[in-house]
1. Using a Förster distance of 35 Å, how high is the FRET efficiency between residue 127 and residue 230, based on the Cβ-Cβ distance and rounded to 0.05?
2. So who's got an amide H within less than 5 Å of the one on residue 124, skipping anything under 5 residues away but keeping other chains? H placed 1.01 Å off N, in plane.
3. Got a number for the accessible area of residue 154? Probe 1.4 Å, square angstrom, nearest 10.
4. Taking every pair of Cα atoms in region 186-243, average 1/r, invert it to obtain the Kirkwood radius, and report Rg/Rh to two decimals.
5. Can you classify region 153-227 as rounded, prolate or oblate using the Cα gyration tensor, where a ≥ b ≥ c are the square roots of its eigenvalues, rounded means a/c under 1.5, and otherwise it's prolate if a/b beats b/c and oblate if not?
6. Per-residue ellipticity at 222 nm for the chain, helices alone: DSSP H runs ≥ 4 residues times -39500 (n - 2.57), over residue total, nearest 500 deg cm²/dmol?
7. So for the chain, averaging the separation of alpha carbon pairs under 8 Å that are six or more residues apart and normalising by length, what relative contact order in percent results?
8. Taking 0.36 nm per residue of separation and subtracting the Cα-Cα distance, what length does fully extending residue 8 through residue 22 add?
Amino acid sequence: MSHDEPRSPTDLLPVLRTSVKRLLASAAALTDDDVRAPSRLPGWSRAHVLTHIARSADSRTRLLTAARTSMDLPQYSDEAQREREIEEGAGRLAAVLAEDLETALHRFLMGADGHPEDTWDVPVRWLGAGLRPVRGTVSSMLREVEVHHTDLATGHRPTDWPPRFVEQELATTAEALRERTDAPAMVLLADGGQVLRQVGGGSGPQVSGPAAELLGWLTGRADGTVLTVDPPGPLPSVPAWRS
């Protein structure tokens, strides 16, 4: 998935700060029993999700440091490191998880806010994506916060996602689907025809509805029951979302 952005990443920071505030409020309300409960992600408890977001923030702080200092600091050394950090952190108490999450996210926000404007296009080493501009840290951090807030299963739904995030992410997700051979042919029509996205060559049924519901369905975070298919029929079967 592309990490390129048409505007300065700092323009997105106010949206991210609000999203972080809402996530931290949800995390702070969880008890020790709550964090042991299953999340929306198969095999992961809420504690796994909270740990994952915190370590994701740390990994992007590393990338900011790498771009600013020219140090060779990859996002993660490998996938095994990422998975190990999540498993090791998932057994902690709720208060410890919430504090860790707050510290990691605020550290990233401070780093992004003070990042030199002339270094946003410096290439850094993303896990599984190779060298890409560091500017993608902000938009991808917003994605991590919003989508995984929903995965906590605490009531945060795609309809709660910020409109700017939905607009940008729907375009990015449709673009990624166009590049996948396992994606069905369809046309996505969002918000009364204001946003049109073609997938799989643009043939196939038209799937329409609110942009947030479309994005929620495409990312596996909504069942798509409020969407309309034309000609009438079942929703196309979309492949598993890759962030």
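The values are calculated or read from the model by the stated rules, or taken from the named source; none is laboratory data. Treat the numbers as computed from the prediction; the structure is a model and nothing was measured. Methodologically, a virtual Cβ is constructed for each residue, glycine included, from the backbone with ideal geometry; neighbour enumeration extends over all protein chains shown. Only protein heavy atoms, including side chains, enter the accessible area calculation; ligands, DNA and RNA are left aside. Shrake-Rupley method; radii C 1.70, N 1.55, O 1.52, S 1.80 Å.
1. Computed FRET efficiency for residue 127 and residue 230 comes out at 0.35.
2. Those qualifying (amide H under 5 Å, at least 5 residues apart or on another chain) are 132, 134.
3. Here the residue's solvent-accessible area equals roughly 60 Å².
4. 0.92
5. Prolate.
6. Dividing the helical sum by the residues of the chain leaves -15500 deg cm²/dmol.
7. 20
8. Between residue 8 and residue 22, full extension yields 2.7 nm more.
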